[in-house]
Amino acid sequence: MSYTWSDKVVEELKKRNVKKHVVHGMWTPSGFFHIGNARPELFIPTIVANSLKDAGLKVEHNFIVDDFDDLDKIPKGFDKNKFSQYLGKPLREVPSPVQGFDSWAAYFMSQIKDVADKFGIKPNFMSAYDSYQSGRYDEAIKIILEKSDKIREIMKKIAGVEKPKEWLPLMVVCEKCGRSATTTAISWDGEYLSYKCNRDREYVKSCGYEGRIKPVSGHVKIPWRIYWAATWFSFGVTFESGGKDHFTPGGSVDTGRAFAREIFGIEPPILYGTEFIQLGKEKMSGSKGNPISMKDWLNFAEQELLRFLYASYQPGKVINFDLKSNKFLLLTERYDMAERCYFGVIDKCLRHDEKRIAQLKRIYELSQIDKSILSLDKLPYQFSYSMAALYSQLYNEEQTIEVLKKLGHVNVLTDFEKKRISKRLRLAKYWVEHYNPSMTIKINESLPQLDLDKKEKGCLLGLLKELDKEWAEEELQQRIYDLAREHEIEPKQFFQLCYRILINKTSGPKLAGFILMLGKERVKKIFGNLG
Ligand SMILES: [Zn+2]
């Protein structure tokens, strides 16, 4: 049975009789890598690779680092004067903008390499530069030269791009200036490729050199549209996901598929167009200054949660994500619900929905990095993110556990459960401070200046008296409602009043639980001068 989109991909892939599946992602390391880029290039391939493994199939998972691409612009914030001399050079040959890295490419790749395995993502990182140099593309290059007429036809038929008759679809790396974007391949004699460095580009000028080289071992680069198919051919790729923009009619997916079949004689991989992340009102993008990196994510949420997000949504669906609204909390709740499902504790809203239950269990399974959790014999204690957001502002880990015990939420905790609580406290604290300061709570030390009427005062004194008794959360909540009505105050209004007294706000966490969490003594102290 296939319950998730990735299991459906596996069903499709199974039909291909191959010894090994090869799953790819790729990226040009010259800018910001955010969780929106990570979706098609890291997470979707990882989820598919894991699903293939779960189905007992052999998988190779590669991440192609496009460090043979050239530096075509200097991103904002980097020294234009220093780096403009490297425009047009392969990213691998441009020095790192920051000390401690071998190259421009290595520096930008560190955004991925430093954190990928924390998310349980462990592809083979393959440098395109090295692959070209080692001759991995030589066979593809030979075929391209043999079939350049056919390539020209496909470009015209599918992409509507007309190339001159003598066009050779390769970019020679100029032996003098080291650039490939500025050269034109002139002729091919079966052994040598003649070229001129004569194409001025917007970002770099040609040097005028003329020469001839053997088109092997990194002396030439394949233009993008053909390169994509050449990579499928050279690596035997069976699955790849890419940004939706590649999938427009006549775009690189259409030409790629045609090149795969008609030039390289292979069946193209199954390709999934993956949508972007909508952040509030805007698309998440490096240039909009709103991106969330994978490293950022580690500050405010569990890694499993991001895996869960991407395993849940069909790749073709835009994900509306917002750290500043309820959307994020809802995600944490969905994750916790899936966990309950996995351990057989089914929420009311899911009863009788066997399909959804099976799906959530499977997505939960795919989200796990440390699989040992899957063999626990019962549901571990769940400390909800919203509770963590509240507790983290008032208590440290030890105190939190103490209060949870006092309130009867937990009894004995395993080390694993304690660790989870501690982690959520840390994450939620960061989230409140950095993304949701409006949720910050400051408890009053004493009664704030308020103009209380007789009814209100009476009701508050009534509540104070009730606090002498032992209460369970639900009962106390009900009692507060009743108290308000007994004193002829709208319950909502009374709740607002309590929040004003406790935290100078008109709303807050569920009142009874909040009072019990603060401890009766503390609340009594604040109410103290009611007189
Ligand atoms: Zn040149």
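Each value in this text was obtained by applying a stated rule to the coordinates, not by laboratory testing. Given the structure is predicted, the values throughout are model-derived calculations rather than measurements. Cβ sites come from the backbone with ideal geometry, for glycine too, and all protein chains shown count toward neighbours.
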Quiz prompt | Residue (of 65, 366, 331) at the positive-pole extreme of the chain, dipole from beta-carbon charges | solution = 65
Quiz item: So what does log10 I(q)/I(0) come out to for the chain at q = 0.10, 0.12 Å⁻¹, using the Debye formula with one equal point on every Cα and no solvent?
Solution: -0.89, -1.14
Quiz item: Short version: ³J(HN,Hα) in whole Hz for each residue of the range 463-477, in order, from phi by Karplus 6.51 cos²θ - 1.76 cosθ + 1.60 (θ = phi - 60°), x for Gly and Pro, what are they?
Solution: 5, 4, 5, 4, 5, 6, 8, 7, 10, 8, 4, 4, 5, 5, 4
Quiz item: So which GluC sites (Glu not before Pro) in the range 121-211 are both in a DSSP loop and have at most 12 other Cβ atoms within 10 Å of their Cβ?
Solution: 162, 166, 191, 202
Practice problem: Go ahead and estimate [θ] at 222 nm for the chain from helices alone: -39,500 (n - 2.57) per DSSP H run with n ≥ 4, summed, over the residue count, rounded to 500. | Solution: -13000 deg cm²/dmol
Practice problem: Take peptides 310-322, 291-303 and line them up by average Cβ neighbours within 10 Å, highest first, as a rough protection proxy. | Solution: 291-303, 310-322
Practice problem: Can you give me the P(r) profile for the range 397-496? Cα pairs, bins 10 angstrom wide beginning at 0, each as a whole percent. | Solution: 12, 28, 32, 23, 5, 0
Self-check item: Cβ crowding within 10 Å averaged over residues, with 436-445, 103-112 ranked highest first
Solution: 103-112, 436-445
Quiz prompt | Tilt relative to the chain, helix 385-394 - C-alpha long axis, 0 to 90 degrees, to 10 | solution = 60 degrees
Quiz prompt | Cβ charges +1 (Lys, Arg) and -1 (Asp, Glu), total dipole of the range 193-281, debye | solution = 380 debye
Quiz item: Any idea what the dipole of the range 1-108 comes to, in debye rounded to 20, about its Cα centre with Lys/Arg Cβ at +1 and Asp/Glu Cβ at -1?
Solution: 260 debye
Quiz item: Charges only on Cβ, +1 for Lys and Arg, -1 for Asp and Glu: so what's the dipole of the chain about the Cα centre, in debye to the nearest 20?
Solution: 400 debye
Quiz prompt | Largest to smallest principal axis extent of the C-alpha atoms in the range 157-221, angstrom | solution = 35, 32, 18
Self-check item: the range 454-530 shape via C-alpha gyration tensor axes, a/c threshold 1.5
Solution: rounded
Quiz item: So how tilted is helix 224-235 from the main axis of the chain? Cα-based, degrees 0 to 90, rounded to 10.
Solution: 90 degrees
Exercise. Enumerate the amide H contacts of residue 241 below 5 Å, restricted to partners 5 or more residues apart or on another chain; note that Pro and chain-start residues carry no placed amide H.
Key: 24, 272
Exercise. Counting only DSSP beta bridges with both residues in the chain, tell me the antiparallel percent, nearest 5.
Key: 40 percent
Quiz prompt | Dipole-positive endmost among 44, 527, 206 within the chain (Cβ charges, Cα centre) | solution = 206
Quiz item: Dividing the convex hull volume of the Cα atoms of the range 63-114 by its residue count, what figure in Å³ per residue is obtained?
Solution: 80 Å³
Quiz item: For the peptides 358-366, 278-286, 407-415, what is the packing order when you average, over each peptide's residues, the other Cβ atoms within 10 Å and list the highest mean first?
Solution: 358-366, 278-286, 407-415
Quiz item: Residues with amide H under 5 Å of residue 220's amide H, sequence separation 5 or more or different chain, H placed in the peptide plane at 1.01 Å from N; which?
Solution: 173
Self-check item: Per-residue HN-Hα couplings for the range 403-410 [Karplus 6.51, -1.76, 1.60; θ = phi - 60°; Hz; x = Gly/Pro]
Solution: 5, 4, 5, 4, 7, x, 6, 9
